[in-house]
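*Asks:* My structure is below; once you've seen it, I'll send some questions.
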Amino acid sequence: MSTSHRIGLVGKPSVGKSSFFNAATMNDVPEGAYPFTTIDPSVGEAYVRVEDAAPEFDETSTPSVGYLDGDTRFVPTKLVDVAGLIPGAHEGKGLGNQFLTDLNETDVLIHVVDFSGETDLEGESTEGHDPRRDIDFLEEELDQWYLGVLEKGINRYESGYTTEDDAIEEELAEQMSAFKTNEDEIKRLIRRVDVGFEPEEWDDDDKLELAREIRKETKPMVIAANKMDKPQSQANYEEITSDPEYEHLTIVPCSAHAERALKSADKAGVVDYRPGDGDFEITGDVSGEQEEGLEQIREFLAEFGSTGVQPALETALFDVLGVVSVFPGGANGLGNERGEVLPDCYLIPEGSTAEDFAYSLHSDIGDGFLHAIDCRSNRQLGKDYEVEPRDVIEIITTN
């Protein structure tokens with residue numbers, strides 16, 4: 001069981017977004033190199049790796065969801081393939097409005113970018129396209145969308161529609177509540193961009209800058225630098241990762257094609273491969289051509305440490321969104337009355353307290369919260385204890 005975070009997968013047509021989705025979820029989504037292959041947002045189950053806690057107690061865990069491979073726990077998370085990113089999406093062009101709605105139901109974004117420069121902004125074949133234009137294009141689309149919503153809030157505020165005492169941050173927080181923001185955050189971001197609290201004094205640049213800050217805060221993003229097995233991709237990667245304009249983004253080198261190939265070969269019993277690993281073993285009969293293909297993938301893994309698909313998911317969830325993994329322990333050590341050992345691993349927001357964790361288990365458990373116990377040290381924890389990654393915690397509750 002995990003609190004479901006949703007990772008949104010975005011990217012223009014033909015950059016390998018469907019390949020990434022399929023590689024991450026191994027679901028069969030139609031792959032096609034033309035726009036609108038994926039019309040409905042496909043939601044799949046992807047997994048992130050958490051080092052299992054049971055071995056520290058000389059136990060072997062029995063996950064109720066996800067699975068265990070060695071000492072690595074694969075914990076499920078939702079991956080949403082968001083369709084319809086084309087220029088003008090924020091004006092409702094193409095599947096624009098649907099695109100924005102689907103996007104808004106996600107917590108963090110992975111933007112799949114073709115780093116080889118072989119697809120233009122519309123997703124057509126080309127040469128020498130600068131991947132920075134794709135990164136900018138998505139950020140600009142989102143900024144314009146946020147700006148539109150922000151301006152509605154400013155207009156409401158200025159039209160005197162609100163009560164006299166309402167501060168601008170209250171109005172904007174209400175107007176932009178769909179982005180999961182709040183008054184304190186808006187106030188902090190207005191201070192950060194340093195535009196003052198009188199919207200009539202804001203010019204167009206001020207509004208755009210504020211919209212952008214709110215977007216960065218509420219829709220954090222990772223760039224999956226896809227097709228990194230091509231020579232031109234590596235030159236582009238070097239250039240972009242050393243460009244100060246892109247320092248605010250985390251860029252993960254990636255080959256969705258390699259991940260898909262390895263998972264398919266593993267399923268067929270041809271190789272032994274664990275997602276995210278930096279190598280694999282050929283265990284079955286392969287033709288000369290297959291072996292050659294696998295050796296090319298092995299070289300890629302040797303250079304980059306993995307295919308990049310697992311790290312992109314984990315960077316999005318753990319580093320950028322700041323999610324923390326927590327194991328609920330039991331009164332008799334790790335097991336429960338059914339004899340399962342650490343059946344659950346929850347992924348909860350950074351900064352969550354022991355009491356928040358209790359509520360994520362069940363509202364009744366939260367309501368009756370007395371204290372928590374750290375199963376490693378048997379220390380009693382109060383409701384304000386801030387959980388840490390891989391904590392094993394038992395909740396003591398009146399319910």
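*Asks:* Which residues, taken from segment 67-103, are open to solvent by 30 Å² or more (accessible area, probe 1.4 Å), modelled with pLDDT of 75 or more and assigned to a loop (DSSP other than H, G, I, E, B)?
*Replies:* Of everything in segment 67-103, those that are open to solvent by 30 Å² or more (accessible area, probe 1.4 Å), modelled with pLDDT of 75 or more and assigned to a loop (DSSP other than H, G, I, E, B) turn out to be GLY70, ASP71.
*Asks:* State yes or no: is ARG212 of a type in the set (Lys, Arg), farther than 30 Å from ILE297 by Cα, at pLDDT 90 or above and within 21 Å of the chain's Cα centre (by Cα)?
*Replies:* yes
*Asks:* Determine the pairs where a residue that is under 30 Å from ASP71 (Cβ atoms), located within segment 273-293, has a partner that is open to solvent by 80 Å² or more (accessible area, probe 1.4 Å) with Cβ atoms under 7 Å apart, the partner being 6 or more residues away or on another chain.
*Replies:* Listed pairs, sorted by first residue: PHE280/ASP272; GLU281/ASP272; THR283/ASP272.
*Asks:* From PHE280, PHE304, PHE300, grab the single residue that is surrounded by fewer than 22 Cβ atoms within 10 Å (Cβ to Cβ), of a type outside the set (S, T, N, Q), more than 30 Å from GLY366 (Cα to Cα) and touching a Phe, Trp or Tyr at 6+ places or on another chain (Cβ under 8 Å).
*Replies:* PHE280
*Asks:* Among residues belonging to segment 104-134 that are surrounded by fewer than 23 Cβ atoms within 10 Å (Cβ to Cβ), assigned to a loop (DSSP other than H, G, I, E, B) and under 20 Å from the mean Cα position of the chain (by Cα), point out the one that is modelled with the lowest pLDDT.
*Replies:* Among them, the one singled out is GLU105.
*Asks:* Yes or no: THR250 hydroxyl-bearing (Ser, Thr, Tyr) and in contact (Cβ under 8 Å) with a residue 12 or more places away in the chain?
*Replies:* Here the answer is yes, as THR250 does meet what is asked.
*Asks:* Just to be sure before I move on: is VAL222 more than 30 Å from SER255 (Cβ to Cβ) and either in contact with a helix residue (DSSP H, G or I) (Cβ under 8 Å, 6 or more places away or on another chain) or free of Cβ contacts under 8 Å to residues at least 24 places away in the same chain (or both) in the structure I sent?
*Replies:* No.
*Asks:* From the list THR218, THR181, pick out the single residue that is among the hydroxyl-bearing types (Ser, Thr, Tyr) and closer than 30 Å to ALA23 by Cα.
*Replies:* None of the other options fit; the residue is THR218.
*Asks:* Pick from THR315, THR397: which is among the hydroxyl-bearing types (Ser, Thr, Tyr), surrounded by 14 or more Cβ atoms within 10 Å (Cβ to Cβ) and more than 27 Å from LYS216 (Cα to Cα)?
*Replies:* Exactly one of THR315, THR397 is among the hydroxyl-bearing types (Ser, Thr, Tyr), surrounded by 14 or more Cβ atoms within 10 Å (Cβ to Cβ) and more than 27 Å from LYS216 (Cα to Cα), namely THR397.
The values are calculated or read from the model by the stated rules, or taken from the named source; none is laboratory data. As the structure is a computational prediction, the values presented were derived from the model and not from experiment. With ideal geometry, Cβ positions are generated from the backbone for all residues, glycine too; neighbour counts draw on all protein chains shown. The area values use the complete protein model at the heavy-atom level, side chains included, leaving out ligands, DNA and RNA. Shrake-Rupley method; radii C 1.70, N 1.55, O 1.52, S 1.80 Å.
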